[in-house]
Amino acid sequence: MTTPPTSGRNDAWEMDQLHRDEITVAMNWVIRTCQEIVRNRSHKTFWAPASTNDGTPSPEQLMQTARTDVLDKLQRIIDGAQFVIHQVEHERAKRKLSSPS
């Protein structure tokens, strides 16, 4: 996470901007990863698994390829984006509790 802004008149606006930037960057990584997977692992938007040496892949080979080529990559990026959003939620809740009403 990025360092929060220093004290000043625009603290709330700066923190909001920081959070918007962090969320946007995290979501851009999700989108870029999806684009990369589509570009590298699909044909006309349909999944095109890597071919095997013996022709038609077995269900086991397809499961492994699906995990390796698509699911594991997406899961790592989605987990990272979820973490960023969770941290932003936590920081905002903490700030809300500590700010005078």
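Being aliphatic (A, V, I, L, M), assigned to a helix (DSSP H, G or I) and farther than 27 Å from residue 25 by Cα is the filter here; which residues of the stretch 48-101 pass it?
Those that are aliphatic (A, V, I, L, M), assigned to a helix (DSSP H, G or I) and farther than 27 Å from residue 25 by Cα: 62, 63.
If you check residue 67 against the conditions, is it exposed (fewer than 15 other Cβ atoms within 10 Å of the Cβ) and under 10 Å from the mean Cα position of the chain (by Cα)?
no
Could you check, for the stretch 39-46, whether at least one of its residues is assigned to a loop (DSSP other than H, G, I, E, B), among the β-branched types (Val, Ile, Thr) and out of contact with any helix residue (DSSP H, G or I) (no Cβ under 6 Å at 6 or more places or on another chain)?
Yes - at least one qualifying residue is present in the stretch 39-46.
Find the residue count for the stretch 21-80, including only residues that are in contact (Cβ under 8 Å) with a residue 24 or more places away in the chain and in contact with a Leu (Cβ under 9 Å, 6 or more places away or on another chain).
Residues in the stretch 21-80 being in contact (Cβ under 8 Å) with a residue 24 or more places away in the chain and in contact with a Leu (Cβ under 9 Å, 6 or more places away or on another chain): 4 in total.
If you check residue 2 against the conditions, is it under 19 Å from the mean Cα position of the chain (by Cα), closer than 20 Å to residue 93 by Cα and modelled with pLDDT of 95 or more?
Taking the combined requirement at face value, the residue does not satisfy it.
Within the stretch 16-30, does at least one residue satisfy the condition of being acidic (Asp, Glu), modelled with pLDDT under 90 and surrounded by 12 or more Cβ atoms within 10 Å (Cβ to Cβ)?
no
The values are calculated or read from the model by the stated rules, or taken from the named source; none is laboratory data. Only a predicted model underlies this, so the values are computations on that prediction, with no experimental measurement involved. All Cβ positions, glycine included, derive from the backbone under ideal geometry; neighbour counts span all protein chains shown.
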